[in-house]
Amino acid sequence: MVGIVIVSHSAKVAEGICDLARQMAKADQKILPAGGMADGSIGTDAFKVSEAIQAAWSDDGVLVLVDLGSALLSTDMAMEFLDEAIRERVRVADAPILEGAIGAVVEASVGSSLEQVLSTAEGAREMRKII
Amino acid sequence: MTLLNNPAIALIGAVADAIVQNKEFLTSLDAAIGDADHGINLSRGAEAVRAKAAASPNADIGALLKATGMTLISTVGGASGPLYGTAFLRAAAPAQGKTALDGETVKLMLAAAIQGIKDRGKATRGEKTMLDALEPAFEAFVQGLEAQKPLVECLEEATEAARQGVEFTKTIIATKGRASYLGERSKGHQDPGATSSTIMLAAITDFCRKAP
């Protein structure tokens with residue numbers, strides 16, 4: 001099952017999104033937060049992100065969702081710390097972090113491929129809230 | 001110029017001092033067009049780097065720069081963490097195993113650092129970022145080298161070009177980073193990243209000017 005990692009500047013945001021997404025998840029699904037800095041302050045930490053990716057890892061790969069600016073830079077940096085075999089099976093979604101995470105978790109829970117999970121997460125960009 | 005281990009650590013300390021002294025200034029610049037944490041974030045990184053360098057008295061310049069980059073990545077938190085982290089990691093490669101630096105090596109280090117920032121930030125000059133200070137600085141440095149000026153003079157000219165680059169950032173709209181959310185409203189403000197780059201360059205120049 002594709003693992004999901006949530007990268008936010010805020011530890012609370014990352015954990016909150018994981019909590020919410022887990023409600024839609026299978027019991028053994030890996031959904032990990034990588035939020036805030038080691039000292040608890042606001043920010044993103046590439047080492048924290050690379051640890052979360054490794055913890056969420058299986059051969060099915062990992063999808064990473066990010067919030068603002070440096071979350072993506074830190075994730076790019078984290079990729080450089082990973083073994084090539086892992087890095088090749090990690091994707092970063094260009095998606096709204098919360099809606100994308102829910103979509104990704106549901107898609108992953110039915111055993112879909114990494115590319116399918118990525119596509120569903122990115123599809124959340126088109127999701128209407130008011131019709 | 002000879003930079004033996006201890007002077008290299010002292011140089012890192014001087015750059016850290018400059019960042020910490022400008023903490024409020026950098027944060028106030030970032031408050032105008034960003035999320036008001038640039039000075040706070042960089043100061044936290046600078047203090048961590050200072051401690052790391054002091055604990056590695058026998059490291060060569062390349063190893064010190066590598067440790068600096070890794071420390072910035074894990075302590076800064078904002079976009080400047082991965083950006084400056086990458087810059088220092090890349091600059092470490094030409095300095096590997098060295099205990100002294102010449103102009104050619106510094107040129108390679110600057111070029112590698114700037115390329116690192118471009119790669120990481122997917123940015124180019126003119127987008128109101130640190131590149132608007134660093135690229136003109138690099139060009140001035142290379143011109144100085146080609147004119148066979150002393151290294152300190154090359155650095156002085158680079159710093160002056162960086163200062164002009166900071167002035168230029170007041171005239172343009174941000175298209176990268178948090179400031180890009182402001183669009184037109186980012187005009188008239190100098191870029192915090194270009195400013196912190198210039199502060200670091202000025203601190204390095206000042207240190208080398210005073211070095212025996």
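Per-structure values
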{"item": "Yes/no for B:Thr159 being among the polar types (S, T, N, Q), open to solvent by less than 30 Å² (accessible area, probe 1.4 Å) and closer than 29 Å to A:Asp67 by Cβ", "result": "no"}
{"item": "Check on B:Gly69, open to solvent by less than 30 Å² (accessible area, probe 1.4 Å), within 13 Å of chain A (Cβ to nearest Cβ), under 30 Å from B:Glu184 (Cα atoms) and within 16 Å of the chain's Cα centre (by Cα)", "result": "no"}
{"item": "Residue in the stretch A:105-118 that is part of a helix (DSSP H, G or I), under 21 Å from A:Gly43 (Cα atoms) and in contact with a Leu (Cβ under 9 Å, 6 or more places away or on another chain) present", "result": "no"}
{"item": "Residues of the stretch A:13-45 satisfying the condition of being free of Cβ contacts under 8 Å to residues at least 24 places away in the same chain and open to solvent by 60 Å² or more (accessible area, probe 1.4 Å)", "result": "A:Glu15, A:Asp19, A:Gln23, A:Ala27, A:Ala38, A:Asp39"}
{"item": "Any hit, the stretch B:17-36, residues being under 27 Å from A:Ser50 (Cβ atoms) and either open to solvent by 40 Å² or more (accessible area, probe 1.4 Å) or in contact with a Cys (Cβ under 9 Å, 6 or more places away or on another chain) (or both)", "result": "yes"}
{"item": "In the stretch B:74-131, the residues that are in a helix (DSSP H, G or I), basic (Lys, Arg) and away from every other protein chain (no Cβ under 14 Å)", "result": "B:Lys107"}
{"item": "The listed residue being of a type outside the set (Asp, Glu) and open to solvent by less than 10 Å² (accessible area, probe 1.4 Å), out of A:Val105, A:Val66", "result": "A:Val105"}
{"item": "Residues of the stretch B:162-182 classified as surrounded by 23 or more Cβ atoms within 10 Å (Cβ to Cβ) and away from chain A (no Cβ under 14 Å), total", "result": "4"}
{"item": "Filtered residues of the stretch A:108-121 (kept if in contact (Cβ under 8 Å) with a residue 60 or more places away in the chain, in contact with a strand residue (DSSP E or B) (Cβ under 7 Å, 6 or more places away or on another chain) and open to solvent by 20 Å² or more (accessible area, probe 1.4 Å))", "result": "none"}
{"item": "Filter result (modelled with pLDDT under 95 and assigned to a helix (DSSP H, G or I)) within the stretch B:157-198", "result": "B:Arg178, B:Ala179, B:Ser180, B:Tyr181, B:Leu182, B:Gly183, B:Glu184, B:Arg185, B:Ser186"}
{"item": "Matching residues, the stretch A:79-102, being under 11 Å from the mean Cα position of the chain (by Cα) and either more than 20 Å from A:His9 (Cβ to Cβ) or β-branched (Val, Ile, Thr) (or both)", "result": "A:Val90, A:Arg91, A:Val92, A:Ile97, A:Ile102"}
{"item": "Condition broken by A:Ala55, with the remaining ones in (1) under 17 Å from A:Val2 (Cβ atoms); (2) within 14 Å of chain B (Cβ to nearest Cβ) satisfied", "result": "(2)"}
{"item": "Lone qualifier among B:Leu201, B:Leu134, B:Leu145 - being under 22 Å from B:Ile73 (Cα atoms), touching a Gly at 6+ places or on another chain (Cβ under 8 Å) and not in a loop (DSSP other than H, G, I, E, B)", "result": "B:Leu134"}
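Rundown of residues vs (1) on the phi > 0 side of the Ramachandran plot; (2) free of Cβ contacts under 8 Å to residues at least 12 places away in the same chain; (3) buried (at least 19 other Cβ atoms within 10 Å of the Cβ), yes/no style:
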{"site": "B:Ala100", "(1), (2), (3)": "no, no, no"}
{"site": "B:Val106", "(1), (2), (3)": "no, no, yes"}
{"site": "B:Met109", "(1), (2), (3)": "no, no, yes"}
{"site": "B:Asp119", "(1), (2), (3)": "no, no, no"}
{"site": "B:Glu135", "(1), (2), (3)": "no, no, yes"}
{"site": "B:Val142", "(1), (2), (3)": "no, no, no"}
{"site": "B:Lys149", "(1), (2), (3)": "no, yes, no"}
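The values are calculated or read from the model by the stated rules, or taken from the named source; none is laboratory data. All values derive from a computational prediction rather than experimental measurement. We place every Cβ from the backbone using ideal geometry, glycine too, and count neighbours over all the protein chains shown. The accessibility values were calculated without ligands, DNA or RNA, using every heavy atom of the protein model including side chains. Shrake-Rupley method; radii C 1.70, N 1.55, O 1.52, S 1.80 Å.
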